[in-house]
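Colleague: One structure coming up, written as structure tokens, with questions to follow.
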Amino acid sequence: MAREFRKVGVVGLGTMGAGIAEVLASHGVEVVAIDLSDEALARGRTQVRNSTDRAVARGKLTADDRAAIFDRVVFSACLDDVKDADLVIESVPENLDLKREIFAELDRICNAEAILATNTSSLSVTEISAATQRPAQVVGTHFFNPAPVMRSVEVIRTVLTDAEVVADVERLLERLDKISITVGDKAGFIANALLFGYLNQAVAMYESGYATREDIDTAMRVGCGLPMGPLTLLDLIGLDVAHDILEALFNESRVRRHAPVPLLRHMITAGLLGRKTGRGFYTYETPDSSVAVADAHTSTEEQQVAGARRVDQVGVVGADSVAQSVLVTCARAGYPVVLLPYGADTADVVLDAIEEDLDRSVASGRIDELSKKAALQRITVAAGYADLADCDMVIEAVQGSVDDKRAVFAGLDGAVKPGAVFATVTSAVPIIDLAMATSRPADVVGAHFCMPVPGGQLVEIVQTIATAPDVVSTAHAFCRRLGKQAIRCRDRAGFLVQALLFPHLGDAVKMLQARYATVDDIDAAMKYGCGYPMGPFEMLDQNGLDNALAVQTRLYEEYRDPSFAPAPLLEQLVKAGYLGRKSGRGFRDYDD
Ligand code: NAD
């Protein structure tokens, strides 16, 4: 017979415990909330009060409901008070000895039938359960922060946990309106195992001066639609907590991706733990504040565009959809643009496609007929490189091999006036390879217009070893005038967005390949636990598995880091023609 959970104990009323107590009480469950002292209990009560106040203010909860929530919670500093609970959820700090001690105590205090659960993020549930005489009744219930908001909970079953116990806990979570994702007992479970490798890589990028903290965060927020950039998220989690989770992951996986980047240890030693101490990667108004303030590492927009060269006229070389969208963007921003068609399509085909694109913008009300006409009038067609001679900025957007692109750069070099900036939209070859086809590599910069799922307004400005600083500033100012968000990074495989995103998605493929969790469970953990707009497999299917494979292969070839090597499963799917949405089948099947 299924267990009824009338009363549930919550031990440790901190950030997570208070949230879990609120979730239970707001779904009609009696709660016994335990902490060490009256002060700690008062803090927990205040957290529940603040959270429910917000829910009342937003009209999600009535004042009566809120009163009922408080009526259902008994606050106590005596662990014995959980003795008649049907389930106890432990949420004390992440320390194995402490958790084992509490589990041994709970085992002694509670009914023989009671289930004991731990909210641990990274410790072994099996080791915790071994402190009791009832390991078959011990599970992990990993809530996400903030517990009342995030929709999923990872349920961890050890090899000893009874199937019925797991089923009963899953039913309770359903009653709490949570999506349960049940997995085995491996460090980091699904979400943290995927998340922390990626967060650690972002720290390594920052440590090496690859990009600024703001640009790393903007890349993932604007470029990938994630709710927060990785360094902002680390400040929220707390660098000490993140370090411990990475250690636990590394101890199990032994992969370099999980070895905490040394900078984390240094920041922790210096007391820069994140928001809670008022300083981490960013500086905050006060400890515990979420408001970041300017500090010595902040650079202003003015500094970023300092010394920018004047751009009055733009040239675009290319013909396919990327060239067309760059052309339209420049013309709509008010630049006279000279198009040098390159490839199979003639200028007429390109111009027709652009007109259609503008018509769609008119139909959807984004621009009016007059702006459309003005944009079209700003576009002229070149017969050869000589017609680009007066352009201040020339953007290469050709579909072709490295040799094709190098030939274009050599052509531009021989025709365009000195002082012009040459940009390339490529993300597939090192920018320096193209720059060296000219006699003026200092004037060549990458301008990668990102189009990753789910769509971004981002341009990655890529600085080679030879690019002059004022050329970077020029590209930055130019992107700003196009209405794009510009970020800067070095000339390395994947630039910023792809270099962070695809190994992260690749880890999800490796997890699937290891049969730890299903496609649906992994997507749900990241969507409902971490607030991702799409799960990793949805992103892979949307981006194209062949593209993901190409980026991962390039990253691996450049860095030779085994963490970047694509999973054999991804290679096999691509070989089989399962490329994602565009081929009707990837990690999932598509009808449309
Ligand atoms: P926290 O430090 O905010 O709260 C811990 C609480 O436990 C404190 O109120 C403390 O007074 C109390 N406590 C300590 N020893 C106790 C004892 N012997 N008996 C009773 N209470 C005791 O910690 P937290 O962030 O809420 O984390 C709790 C657990 O949840 C950890 O295992 C953590 O890994 C996990 N977790 C945290 C997050 C997060 O984002 N913070 C997310 C998921 C899981």
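Colleague: For VAL462, state whether it is touching a His at 6+ places or on another chain (Cβ under 8 Å) and of a type outside the set (Ser, Thr, Tyr).
Modeller: Against the criterion (touching a His at 6+ places or on another chain (Cβ under 8 Å) and of a type outside the set (Ser, Thr, Tyr)), VAL462 qualifies.
Colleague: Further, regarding this structure: Residues that are closer than 30 Å to GLU247 by Cα, in contact (Cβ under 8 Å) with a residue 12 or more places away in the chain, part of a helix (DSSP H, G or I) and within 12 Å of the ligand (Cβ to nearest atom): does the range 21-28 have at least one? Spell out how you get there, then give the answer.
Modeller: Step one: filter the range 21-28 for residues closer than 30 Å to GLU247 by Cα, giving 21.
Keeping just the survivors that are in contact (Cβ under 8 Å) with a residue 12 or more places away in the chain gives 21.
Keeping just the survivors that are part of a helix (DSSP H, G or I) gives 21.
Adding the requirement that they be within 12 Å of the ligand (Cβ to nearest atom) leaves 21.
Yes - at least one qualifying residue is present in the range 21-28.
Colleague: A follow-up question, please. Please enumerate the residues belonging to the range 100-156 that are of a type in the set (A, V, I, L, M), within 12 Å of the ligand (Cβ to nearest atom) and within 15 Å of ASP86 (Cα to Cα).
Modeller: Passing the criteria: LEU106, ALA117.
Colleague: Now, a different point. Could you identify the single residue in THR283, THR298 that is surrounded by 14 or more Cβ atoms within 10 Å (Cβ to Cβ) and touching a strand residue (DSSP E or B) at 6+ places or on another chain (Cβ under 8 Å)? Outline the logic, then answer.
Modeller: Numbers: THR298 fails: touching a strand residue (DSSP E or B) at 6+ places or on another chain (Cβ under 8 Å).
None of the others qualify; the one that does is THR283.
Colleague: Same structure again: I'd like to check something: does the range 348-362 contain any residue that is part of a loop (DSSP other than H, G, I, E, B), surrounded by fewer than 18 Cβ atoms within 10 Å (Cβ to Cβ) and more than 34 Å from the chain's Cα centre (by Cα)?
Modeller: Taking the range 348-362 first, the residues part of a loop (DSSP other than H, G, I, E, B) are none.
Looking through the range 348-362, none of the residues is part of a loop (DSSP other than H, G, I, E, B), surrounded by fewer than 18 Cβ atoms within 10 Å (Cβ to Cβ) and more than 34 Å from the chain's Cα centre (by Cα).
Colleague: Among the residues of the range 51-67, is any closer than 15 Å to GLY17 by Cβ and either within 12 Å of the ligand (Cβ to nearest atom) or at pLDDT below 95 (or both)?
Modeller: From the range 51-67, those closer than 15 Å to GLY17 by Cβ are 51; that's our starting set.
Of the ones still in play, those that are also either within 12 Å of the ligand (Cβ to nearest atom) or at pLDDT below 95 (or both) are 51.
Yes, there is a match, as at least one residue in the range 51-67 is closer than 15 Å to GLY17 by Cβ and either within 12 Å of the ligand (Cβ to nearest atom) or at pLDDT below 95 (or both).
Colleague: Also, quick follow-up: Any residue that is surrounded by fewer than 20 Cβ atoms within 10 Å (Cβ to Cβ), more than 10 Å from the ligand (Cβ to nearest atom) and either part of a loop (DSSP other than H, G, I, E, B) or touching a residue at least 60 places away in the same chain (Cβ under 8 Å) (or both) - is there at least one of those in the range 31-50?
Modeller: no
Colleague: Shifting gears a bit: Given the residues GLU154, GLU101, GLU127, GLU113, which is the only one that is in contact with a Leu (Cβ under 8 Å, 6 or more places away or on another chain) and of a type in the set (Asp, Glu)?
Modeller: GLU127
Colleague: Do we have ARG360 as modelled with pLDDT of 95 or more and of a type outside the set (Val, Ile, Thr) here?
Modeller: Values: modelled with pLDDT of 95 or more: no; of a type outside the set (Val, Ile, Thr): yes.
Against the criterion (modelled with pLDDT of 95 or more and of a type outside the set (Val, Ile, Thr)), ARG360 does not qualify.
Every residue, every condition in (1) within 29 Å of the chain's Cα centre (by Cα); (2) over 14 Å from ARG3 (Cβ atoms), yes or no:
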{"residue": "LEU87", "(1), (2)": "no, no"}
{"residue": "THR118", "(1), (2)": "yes, yes"}
{"residue": "ILE128", "(1), (2)": "no, yes"}
{"residue": "ALA136", "(1), (2)": "no, no"}
{"residue": "VAL139", "(1), (2)": "yes, no"}
{"residue": "PHE144", "(1), (2)": "yes, yes"}
{"residue": "SER152", "(1), (2)": "yes, yes"}
{"residue": "VAL166", "(1), (2)": "no, no"}
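Colleague: Quick check, is PRO562 of a type outside the set (Val, Ile, Thr), touching a residue at least 24 places away in the same chain (Cβ under 8 Å) and surrounded by fewer than 17 Cβ atoms within 10 Å (Cβ to Cβ)?
Modeller: yes
Colleague: Let me ask you something else. Name every residue in the range 157-182 that is more than 17 Å from LEU106 (Cβ to Cβ), surrounded by 24 or more Cβ atoms within 10 Å (Cβ to Cβ) and among the β-branched types (Val, Ile, Thr), in order of residue number.
Modeller: Scanning the range 157-182 gives a single hit, ILE181.
Colleague: Something else: Within the range 265-292, how many residues are of a type in the set (Val, Ile, Thr) and either under 22 Å from the mean Cα position of the chain (by Cα) or not assigned by TED's automatic domain parsing to the domain that holds ILE216 (or both)? Step through it out loud before you land on a result.
Modeller: Restricting attention to the range 265-292, the residues satisfying the condition of being of a type in the set (Val, Ile, Thr) are 268-269, 277, 283, 286, 291.
Within this subset, residues satisfying the condition of being either under 22 Å from the mean Cα position of the chain (by Cα) or not assigned by TED's automatic domain parsing to the domain that holds ILE216 (or both) are 283, 291.
Looking only at that region, the number is 2.
Colleague: Would you check if ARG151 is under 28 Å from ILE522 (Cα atoms), of a type in the set (Lys, Arg) and touching a residue at least 40 places away in the same chain (Cβ under 8 Å)?
Modeller: yes
Colleague: Still on this structure, please answer the following. Could you grab the pairs with beta carbons closer than 8 Å, sequence gap of 6+ or different chains, first residue in the range 384-395 and part of a helix (DSSP H, G or I) and buried (at least 19 other Cβ atoms within 10 Å of the Cβ), second one at pLDDT 95 or above and of a type in the set (Val, Ile, Thr)?
Modeller: If the second residue must be at pLDDT 95 or above and of a type in the set (Val, Ile, Thr), the pairs left are TYR385/VAL416; LEU388/VAL317; LEU388/VAL338; LEU388/VAL394; LEU388/VAL416.
Colleague: Take ALA447 and decide whether it is among the aliphatic types (A, V, I, L, M), assigned by TED's automatic domain parsing to the domain that holds GLY315 and within 27 Å of ASP541 (Cα to Cα).
Modeller: On the way: among the aliphatic types (A, V, I, L, M): yes; assigned by TED's automatic domain parsing to the domain that holds GLY315: yes; within 27 Å of ASP541 (Cα to Cα): yes.
Yes.
Colleague: Which one of these is polar (S, T, N, Q), within 30 Å of GLU252 (Cβ to Cβ) and surrounded by 24 or more Cβ atoms within 10 Å (Cβ to Cβ): GLN498, GLN513? Don't jump to the end; show me each part of the working.
Modeller: Working: GLN513 fails: surrounded by 24 or more Cβ atoms within 10 Å (Cβ to Cβ).
Being polar (S, T, N, Q), within 30 Å of GLU252 (Cβ to Cβ) and surrounded by 24 or more Cβ atoms within 10 Å (Cβ to Cβ) holds for just one of GLN498, GLN513, which is GLN498.
Colleague: Can you name the number of the only condition in (1) more than 14 Å from the ligand (Cβ to nearest atom); (2) charged (D, E, K, R); (3) buried (at least 19 other Cβ atoms within 10 Å of the Cβ) that GLU90 fails?
Modeller: (1)
Colleague: Same structure again: State which residue is surrounded by the most Cβ atoms within 10 Å (Cβ to Cβ) when the search covers only the range 1-20 and only residues that are assigned to a loop (DSSP other than H, G, I, E, B), at negative phi and within 8 Å of the ligand (Cβ to nearest atom).
Modeller: LEU13
The values are calculated or read from the model by the stated rules, or taken from the named source; none is laboratory data. Model, not experiment: these values are computed from the prediction. So basically every Cβ, Gly included, is an ideal-geometry build from the backbone, and we count neighbours across all protein chains shown.
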